[in-house]
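A.B. asks: Starting off with a structure, shown below.
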Amino acid sequence: MRMHLSHLRLRDFRNYARLDVDFAPGFHLLLGDNAQGKTNVLEAIYLLATLRSFRGVGSAQMVRHGQKGCFAGGTLVGQGDHEVKMYWSARERSLSLDGRPVRKLTDYLGVLRTVVFCTEDLQLIKGTARSRRRFLDLLLSQTHRAYLPLLQRYAQTLRSRNAMLKRPVPDPLALEGFSRELISAGEEIIRLRHELVPKLSPLARLAYRRVSNEAEELRIEYAPSVKRDFAVELAQSHVRERAYRSTLIGPHRDELQLLLNDRSAAQFGSEGQKRTLAIALKMTQAEYLTGIHGGPPVLLIDDIMGELDVKRRSAFLPLLERIHQSRGQVFMTATEENWPQELGRDVQRWVVDKGVLRKAI
Amino acid sequence: MAALPEPVASLIGALSKLPGIGPRSAERIALHLVQAETGAVKQLAQILVTARDRVQLCAVCGALTEKSPCAVCSDPRRDASLVCIVERPVDIISIEKSGTFRGKYHVLRGKISPLNGIEPEDLRIAELEKRLAQEPIKEIVIALGTDVEGDATSFYLAKRLARGELKITRIAHGLPAGTGLEFADELTLSRALEGRREMP
């Protein structure tokens, strides 16, 4: 199922006092000098899709300087039209879908699916295991309705159990009660991650081969914290977890291994390989979501084209071509000098200048 | 800007401590009260004091009552061999409304909640154990919520209360009555499947 954002409306969002703009399906190039507000448009679209900023900042920073709150809204065209409105201020926040307040996050997420490519993606390789778990979690919550509530339940159980382990003498029976909950939610998370990674691995290998200049083989492997039996291993870790006063075994300690020619990319990869790998992983995400949902997600490509050589850029072409054919949507930011001219023909160009967006002639 | 008179400010402070009343509502109620007819306010104050004076917790089950033991505990027609464990006094009212439970109750006054510092010893479990020793209880029905803490507490109770011939059950969770499968979320459905029953 294809989807696109047909209208975006911003009020006091970052450097946009007001913005009302219609977007057709297809390829949109946002051009402008630095600090004019190109990325802010991408951030707003990502926010509508995920309720988060991909810049990893709190909502307070999205409010235009000197204003109390910000508004972001849009019309999404997919399986029918949807109207999204969101308002954020320090005192109140609201989110509505088709005029009705959203009560459950799971009812909302998935209305707009996006994949963002940005410089922060490098954290997928250089960052801690947490960023790679988040990559898996994002994919699973975008494809399994039950995953997000499951993850939330696991996180809550973990917090409770850790609080209990911090007591001088935890009640063993009460601790066992929380251990059982941890195991039952945890096993389900492990199972879903186990199912997911082998499906991603071939897509990732292909994507990497397309983007890379060299011939290394990429393999991604799920390295769960639990080797065989969560219950047994949790029990075995008891003395250690009492010493550390924290739960040491479970999916919150999982790792996603990224291997180039069977060696850890984080440890042995070059800067260029890491960059290539980050892009390949995001392409994998886009390809996987396209396969599951029968239509591509909206791609948000933030200023990464300038850093890439022609070979790596051209790796994007098949993906972009397919999105074009299936009437999906891509938003890409670039400066006037470095936008990829080879994408020329069906590009809709926009100029961003001091918080104003207008069609380029 | 002129500030509110001190008594109004302290009234707002006191009201905003009540559950469900934020600073805005507290201000509205306070401003209403200080401008209302004196008689009506005195009457309200009297009603508050009376209600607090007359309502107490049943010494046996922990329900809200005027007279301890409460009406349910002292009703000879209720099945004394069956006791239902609930988290809060108000849960009794929900179950009573269904009109299908003929046993007695026991209020825990909370659930095990490490994040809020609530441990088993803060709950009315010792009182329940005393009842098990004194009353002819044959079955305990655990009727706690199905959130993490509710589930962990249910497990704890089942283990701690287990003794001799005592039967311990937990109320079923699954589909809401009278709806189709399409309205159930995945977690509810999978639990409903786990708790399936054989048909005659």
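A.B. asks: Could you state how much accessible area is buried at the A-B interface, both sides summed, with a 1.4 Å probe, in Å² to the nearest 100?
C.D. replies: Details: alone 17640 and 13820 Å², together 29640 Å².
For A against B, buried area totals roughly 1800 Å².
A.B. asks: Report the label-to-label distance for B:Ala126 and B:Ser68 in nanometres (one decimal), using points 7 Å from each Cα along the Cα→Cβ vector.
C.D. replies: So the two model labels end up 1.5 nm from each other.
A.B. asks: So which trypsin sites (Lys or Arg not before Pro) in region A:1-99 pass both tests, a DSSP loop state and at most 10 other Cβ atoms within 10 Å of the Cβ? Display every interim value, and only then the final one.
C.D. replies: On the way: sites: A:Arg2, A:Arg9, A:Arg11, A:Arg14, A:Arg18, A:Lys38, A:Arg52, A:Arg55, A:Arg64, A:Lys68, A:Lys85, A:Arg91, A:Arg93; in loops: A:Arg2, A:Arg14, A:Arg52, A:Arg55, A:Arg64, A:Lys68, A:Arg91.
Loop-located and lightly packed - A:Arg91.
A.B. asks: Taking only protein heavy atoms into account and a 1.4 Å probe, give the accessible area per residue of the protein assembly as shown in Å². Walk me through the numbers before you get to the answer.
C.D. replies: Details: 29640 Å² over 561 residues.
I get 53 Å² per residue for this part.
A.B. asks: If a helix is a whole DSSP H run, which ones in chain A reach 20 Å or further along their own axis (Cα) and hold a mean Kyte-Doolittle hydropathy of at least -1.0?
C.D. replies: Details: long enough: A:129-143 (21 Å, -0.50); A:147-165 (26 Å, -0.27); A:172-211 (54 Å, 0.04); A:271-293 (33 Å, -0.26).
Membrane-span-like by this rule: A:129-143, A:147-165, A:172-211, A:271-293.
A.B. asks: Using only Cα atoms, what is the ratio of the radius of gyration of the protein assembly as shown to 2.2 N^0.38 Å? Write down the numbers at each step before the final one.
C.D. replies: Numbers: Rg = 29.4 Å, N = 561, 2.2 N^0.38 = 24.4 Å.
Computed over Cα atoms of the protein assembly as shown, the ratio equals 1.20.
A.B. asks: Between A:Ile292 and A:Glu336, what FRET efficiency follows from the Cβ-Cβ distance if R0 is 30 Å, with the result rounded to 0.05? Don't skip to the end; give the middle numbers.
C.D. replies: Details: r = 37 Å, r/R0 = 1.23.
It comes to 0.20.
A.B. asks: Give the residues of region A:245-277 whose amide nitrogen is closer than 13 Å to a point set 7 Å from the Cα of A:Glu217 in the direction of its Cβ.
C.D. replies: A:259-263
A.B. asks: What ³J(HN,Hα) values, in whole Hz, does the Karplus curve 6.51 cos²θ - 1.76 cosθ + 1.60 give for region B:10-18 when θ = phi - 60°, with x put for Gly and Pro?
C.D. replies: Those phi angles translate into 6, 5, 4, x, 5, 5, 6, 7, 6 Hz.
A.B. asks: Under 19 Å Cα-Cα from A:Lys359, which lysines qualify once same-chain neighbours fewer than 8 residues away are excluded?
C.D. replies: A:Lys38
A.B. asks: Same structure, new question: As I understand it, the value is the acute angle between the Cα axis of helix B:125-134 and the longest principal axis of the Cα atoms of chain B; what does it come to in degrees, rounded to 10?
C.D. replies: 50 degrees
A.B. asks: Which residues of region B:114-143 show a drop of at least 40 Å² in accessible area when all protein chains are present, compared with their chain alone (probe radius 1.4 Å, heavy atoms only, ligands and nucleic acids excluded)?
C.D. replies: Output list: B:Pro114, B:Leu115, B:Glu119.
A.B. asks: Name the longest site-free stretch of chain B, where the excluded sites are GluC sites (Glu not before Pro) in a DSSP loop with no more than 12 other beta-carbon atoms within 10 Å.
C.D. replies: Details: sites that count: B:Glu37, B:Glu66, B:Glu165, B:Glu198.
Of all site-free stretches, the longest is B:67-164.
A.B. asks: Run down the aspartates and glutamates and flag those whose C-alpha is under 17 Å from the C-alpha of B:Lys159, throwing out any fewer than 8 positions away in its chain.
C.D. replies: A:Asp171, A:Glu176, A:Glu181, B:Glu119, B:Glu121, B:Glu127, B:Glu129, B:Glu139, B:Glu149, B:Asp151
A.B. asks: May I pose another question? Below 8 Å, C-alpha to C-alpha, sequence gap of six or more: please give me the relative contact order for chain A in percent. Before the final figure, lay out each step's value.
C.D. replies: Values: 625 pairs, mean separation 95.9, N = 361.
Dividing the mean separation by the residue count of chain A yields 27 percent.
A.B. asks: At R0 = 56 Å, how high is the FRET efficiency between B:Leu57 and A:Glu255 if r is their beta carbon distance? Nearest 0.05 is fine. Walk me through the numbers on the way to the answer.
C.D. replies: On the way: r = 51 Å, r/R0 = 0.91.
Rounded to the nearest 0.05, the efficiency is 0.65.
A.B. asks: Given H placed 1.01 Å from N in the peptide plane, which residues other than close sequence neighbours of A:Phe13 have an amide H under 5 Å from its amide H?
C.D. replies: So A:Phe13 has HN proximity to A:Arg64, A:Phe71.
A.B. asks: Using helices alone, what [θ] at 222 nm do you get for chain A, with -39,500 (n - 2.57) per DSSP H run of 4 or more residues, divided over all residues and rounded to the nearest 500? All intermediate terms of the calculation are to be shown ahead of the outcome.
C.D. replies: On the way: 12 runs with 151 residues, N = 361.
After summing the helix terms and dividing by the residues of chain A, the value is -13000 deg cm²/dmol.
A.B. asks: Let me ask something else about it. Report the label-to-label distance for B:Ile118 and A:Asp346 in nanometres (one decimal), using points 7 Å from each Cα along the Cα→Cβ vector.
C.D. replies: Label at B:Ile118, label at A:Asp346, 5.8 nm between them.
A.B. asks: What base-10 log of the normalised intensity I(q)/I(0) is obtained for region B:64-198 from the Debye formula, alpha carbons as equal point scatterers, at q = 0.15 Å⁻¹?
C.D. replies: -0.82
A.B. asks: If the reach is capped at under 16 angstrom between alpha carbons, list the lysines near A:Lys85, excluding any in the same chain fewer than eight residues apart.
C.D. replies: The qualifying lysines are A:Lys104.
A.B. asks: Let me ask you something else. Please report, as a whole percent, how much of the solvent-accessible surface of the protein assembly as shown comes from carbon and sulfur atoms (probe radius 1.4 Å).
C.D. replies: Values: 15740 of 29640 Å².
C and S atoms contribute 53 percent here.
A.B. asks: Same structure, new question: Give the residues of region B:112-155 whose amide nitrogen is closer than 13 Å to a point set 7 Å from the Cα of A:Lys166 in the direction of its Cβ.
C.D. replies: Once the point is set 7 Å along Cα→Cβ of A:Lys166, B:114-118 turn out to lie under 13 Å by backbone N, inside region B:112-155.
A.B. asks: Please return the longest stretch of chain A lacking exposed loop sites, where GluC sites (Glu not before Pro) count only if DSSP places them in a loop and at most 15 other Cβ atoms lie within 10 Å.
C.D. replies: Details: sites that count: A:Glu92, A:Glu214, A:Glu217, A:Glu336, A:Glu337.
Between exposed loop sites, the widest span is A:93-213.
A.B. asks: Taking 0.36 nm per intervening residue step and subtracting the Cα-Cα distance, what contour gain separates B:Ala133 from B:Ala162 on full extension? Working shown, then result.
C.D. replies: Values: separation 29, 0.36 × 29 = 10.44 nm, distance 1.24 nm.
Length difference between fully extended and current span is 9.2 nm.
A.B. asks: Pairs of lysine in region A:120-296 with Cα under 25 Å and at least 8 positions apart or on different chains: total? Spell out each step's value before the answer.
C.D. replies: Details: A:Lys126/A:Lys199; A:Lys126/A:Lys227; A:Lys126/A:Lys274; A:Lys126/A:Lys282; A:Lys199/A:Lys227; A:Lys199/A:Lys274; A:Lys199/A:Lys282; A:Lys274/A:Lys282.
Lysine pairs meeting both conditions in region A:120-296 amount to 8.
A.B. asks: Once R0 is set to 25 Å, what does the formula 1/(1 + (r/R0)^6) return for the Cβ-Cβ distance between A:Val57 and A:Glu233, expressed as a FRET efficiency to the nearest 0.05?
C.D. replies: 0.10
The values are calculated or read from the model by the stated rules, or taken from the named source; none is laboratory data. Quick caveat, the model's predicted, so the values are computed rather than measured. All Cβ positions, glycine included, derive from the backbone under ideal geometry; neighbour counts span all protein chains shown. SASA here: full protein model, heavy atoms, side chains in, ligands and nucleic acids out. Shrake-Rupley method; radii C 1.70, N 1.55, O 1.52, S 1.80 Å.
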